[in-house]
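Report on the structure given below.
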Amino acid sequence: DTAVNLRFTGGERHVQLVQGEILVEVAKDARRPFFVDSRQAAMRALGTRFTVRQHDGATVLSMLESKVAVQLPRHADTVVAAGQRTRITATGAGPLETFDAASLQDAWRAHQLVVDDRPLPEVLDELARHRPGQLRYDRAQLAHIRVAAVLPLDDTDQALQLLLDNFPQLRVRMLTRYLVMVDAPAHGSAGTSGKNKK
């Protein structure tokens, strides 16, 4: 569910992230700086390896190696170094947070989703991006469930089963291969008419 536009000229290299997430490894070329452009910011690579995720109203930049300068209109540049992450919105770059860069790189190689104390709806958002059809769930009903897990992104049925094994209050109904509903009937309404993410 990722889409990009490429614009390489004699003076600059630009990757516009339209939606989804990319892992960037930059070939050094002092004469042609490299940028990733999102809806919120331009990120100029000062090093080699990082990930960028485009959410509905924000960009999440995670540095794996070296540095990136985040450039926003009417804001001073923010330099993000290896092992740091920031969430960028229309109001600017958020605080720098530390994370385990090695684990994120391993997850990309193994097609895994690594989450540490994230709300279940955010985890389901990620799984929905990696499976065909629709994964439906009520965000408000599931928001109280926090997840710390490593889940396979190339087998989202298995990922859902792992969630079910670890959270017995959940119910996963595979109505068809292309329509799956997740709810927690013991903690609220059994309906799943909430927001669908794909």
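The values are calculated or read from the model by the stated rules, or taken from the named source; none is laboratory data. Only a predicted model underlies this, so the values are computations on that prediction, with no experimental measurement involved. Note that we place each Cβ from the backbone using ideal geometry, even for glycine, and neighbour counts take in every protein chain shown. Side chains included, ligands, DNA and RNA excluded: accessible areas come from the protein's heavy atoms. Shrake-Rupley method; radii C 1.70, N 1.55, O 1.52, S 1.80 Å.
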field: Residues of the stretch 103-119 satisfying the condition of being surrounded by 16 or more Cβ atoms within 10 Å (Cβ to Cβ) and farther than 17 Å from PRO152 by Cβ
entry: PRO119
task: Under 6 Å between Cβ atoms, at least 6 apart or on separate chains: pull out the pairs that start in the stretch 42-57 with a residue that is of a type in the set (Ser, Thr, Tyr) and end on any residue that is buried (at least 17 other Cβ atoms within 10 Å of the Cβ) and in a loop (DSSP other than H, G, I, E, B).
output: THR48/VAL26
task: Sort through ARG49, ARG53, ARG74 and tell me the only one that's among the charged types (D, E, K, R), over 19 Å from PHE99 (Cβ atoms) and open to solvent by 20 Å² or more (accessible area, probe 1.4 Å).
output: ARG74
task: Go through the residues of the stretch 80-87 one by one and say whether even a single one is hydroxyl-bearing (Ser, Thr, Tyr), open to solvent by less than 60 Å² (accessible area, probe 1.4 Å) and touching an Asp or Glu at 6+ places or on another chain (Cβ under 9 Å).
output: yes
message: Considering only the stretch 161-174, I want to know if a residue exists there that is open to solvent by 60 Å² or more (accessible area, probe 1.4 Å), charged (D, E, K, R), at pLDDT below 95 and under 18 Å from the mean Cα position of the chain (by Cα).
response: no
statement: Taking the stretch 42-53 and keeping only residues that are farther than 15 Å from GLY92 by Cα and either among the aromatic types (Phe, Trp, Tyr) or in a strand (DSSP E or B) (or both), one is left with ARG44, ALA45, ARG49, PHE50, THR51, VAL52, ARG53
- prompt: Under the condition of being closer than 22 Å to LEU113 by Cβ and of a type in the set (S, T, N, Q), which residue from the stretch 175-198 is modelled with the highest pLDDT?
  reply: ASN196
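Out of the residues in the stretch 6-41 that are in a strand (DSSP E or B) and among the aliphatic types (A, V, I, L, M), which is farthest from ARG87 (Cα to Cα)?
Ranking the qualifying residues of the stretch 6-41, first place goes to LEU6.
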